[in-house]
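The values are calculated or read from the model by the stated rules, or taken from the named source; none is laboratory data. These numbers were taken from a predicted model, which means no experiment stands behind them. Counting neighbours? That spans all protein chains shown, and the Cβs are built from the backbone with ideal geometry, glycine included.
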């Protein structure tokens, strides 16, 4: 008697696409990694948006995350860490597609509803907070944690944070802290507060009815935002143009939370802090999301080759000793010329939107050859 060899199970798709009624549902499907984004996931989301834009049967697009922990914990920073040592070509390609997707989401012609339930960090903000409809819950924890790994907020994060009321965005960026759902509403990162227990009902209603109508029905009054009570000292202390003065203001503040914030800021990469502050200030003067994404693309590729990104990922994710050794080690040692270099044109690579045209041309030529 011969045994039939077992057929290995095919790996589950990283993005699930479902059509129900008039709803196109995108489900990020790496729950063990809190749905951290990969290049494959970005491509699958982009392809779905392309297909559904021209599908008259799809009235609304919904984004959610598989599992109980959150929508998306960001990008795959371990892959970026390894690629940095190989020249960064894969990272450049990934970021180009990711940032193009962020811009696409912001201008998508059909209602795009993002369920920002649970953890929403970094790249997760990029695929949700640029949406037309952004839903948060009592479980939402949203943030841009980049300065803690020697990096700078991207995926349009500096666009969003630079336009938050007062200096709330500067505080969030420099401390790399997480915010509640009500905080996200206060900062303009979200629009609607819904009880997490009702998200299933909300999704089902979107299959049959217009998004505006459904969200109005399910929305409830959010609790007070914790950041609202702190905004006075935040606006006072973060209004300066250099990080040293901000830290000094925090330490001199009468608010105990301000002094605690100073300690948090000083634990981050000095270089990343200074580049982040300059990124936010420059983003305030840029006219729109695409122009900010262009700036972020330059900054990200320069940061990829700087020592603090590799050291930050090592300390937080690889060795997990939580003891990064930043280079330079102090704010005073970070020269303005070094900060300015992050915004310089890319050497040997096209800028973001210039590269988009090149990629479209390449895709067109490949398609013609296949025909």
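Some observations on this one:
- Of residues in segment 225-259 being without any contact (Cβ under 8 Å) to a residue 12 or more places away in the chain and under 21 Å from residue 153 (Cβ atoms), the one surrounded by the fewest Cβ atoms within 10 Å (Cβ to Cβ): 245
- Hits in segment 84-102 - residues which are in contact with a helix residue (DSSP H, G or I) (Cβ under 6 Å, 6 or more places away or on another chain) and farther than 20 Å from residue 350 by Cα: none
- Yes/no for residue 327 being under 25 Å from residue 75 (Cα atoms) and free of Cβ contacts under 8 Å to residues at least 60 places away in the same chain: yes
- The set of residues in segment 178-217 being within 30 Å of residue 244 (Cβ to Cβ) and surrounded by fewer than 19 Cβ atoms within 10 Å (Cβ to Cβ) consists of 178, 188.
- Scanning segment 135-154 for residues that are surrounded by fewer than 21 Cβ atoms within 10 Å (Cβ to Cβ) and either at pLDDT below 95 or on the phi > 0 side of the Ramachandran plot (or both) turns up nothing.
- Flag if residue 157 is within 20 Å of residue 129 (Cα to Cα) and buried (at least 17 other Cβ atoms within 10 Å of the Cβ): yes
- Restricting 152, 105 to residues that are over 27 Å from residue 60 (Cβ atoms) and in contact with a helix residue (DSSP H, G or I) (Cβ under 8 Å, 6 or more places away or on another chain) narrows the list to 152.
- Pairs are defined by a Cβ separation below 7 Å, a sequence spacing of at least 6 or placement on different chains, a first member in segment 154-183 that is touching a residue at least 60 places away in the same chain (Cβ under 8 Å), and a second member that is part of a strand (DSSP E or B) and crowded, with 24+ Cβ neighbours inside 10 Å; the pairs so defined are 176/143; 177/143; 181/136.
- Take the conditions (1) under 18 Å from residue 274 (Cβ atoms); (2) touching a helix residue (DSSP H, G or I) at 6+ places or on another chain (Cβ under 6 Å); residue 329 misses just one of them, which is (2).
- Restricting segment 65-77 to residues that are in a strand (DSSP E or B) and touching a helix residue (DSSP H, G or I) at 6+ places or on another chain (Cβ under 7 Å), the residue that is modelled with the lowest pLDDT: 75
- Inter-residue pairs, beta-carbon under 7 Å, first at positive phi and part of a helix (DSSP H, G or I) and in segment 338-359, second modelled with pLDDT of 85 or more and exposed (fewer than 12 other Cβ atoms within 10 Å of the Cβ), 6+ apart: none
- With respect to the conditions (1) within 30 Å of residue 326 (Cα to Cα); (2) surrounded by fewer than 24 Cβ atoms within 10 Å (Cβ to Cβ); (3) touching a strand residue (DSSP E or B) at 6+ places or on another chain (Cβ under 9 Å), residue 131 falls short on a single one, namely (1).
- For segment 210-254, filtering for residues that are assigned to a loop (DSSP other than H, G, I, E, B), under 26 Å from the mean Cα position of the chain (by Cα) and either at pLDDT below 95 or over 25 Å from residue 336 (Cα atoms) (or both) leaves 7.
- All positions within segment 78-94 that are in a helix (DSSP H, G or I) and farther than 23 Å from residue 52 by Cα: 78, 79, 80, 81, 82, 83, 84, 89, 90, 91, 92, 93
- Taken over segment 123-169, the residue count meeting the criterion of being over 17 Å from residue 295 (Cβ atoms) and part of a loop (DSSP other than H, G, I, E, B) is 15.
- Hey, residue 264 touching a residue at least 24 places away in the same chain (Cβ under 8 Å) and either within 24 Å of residue 97 (Cα to Cα) or under 19 Å from the mean Cα position of the chain (by Cα) (or both) or not: no
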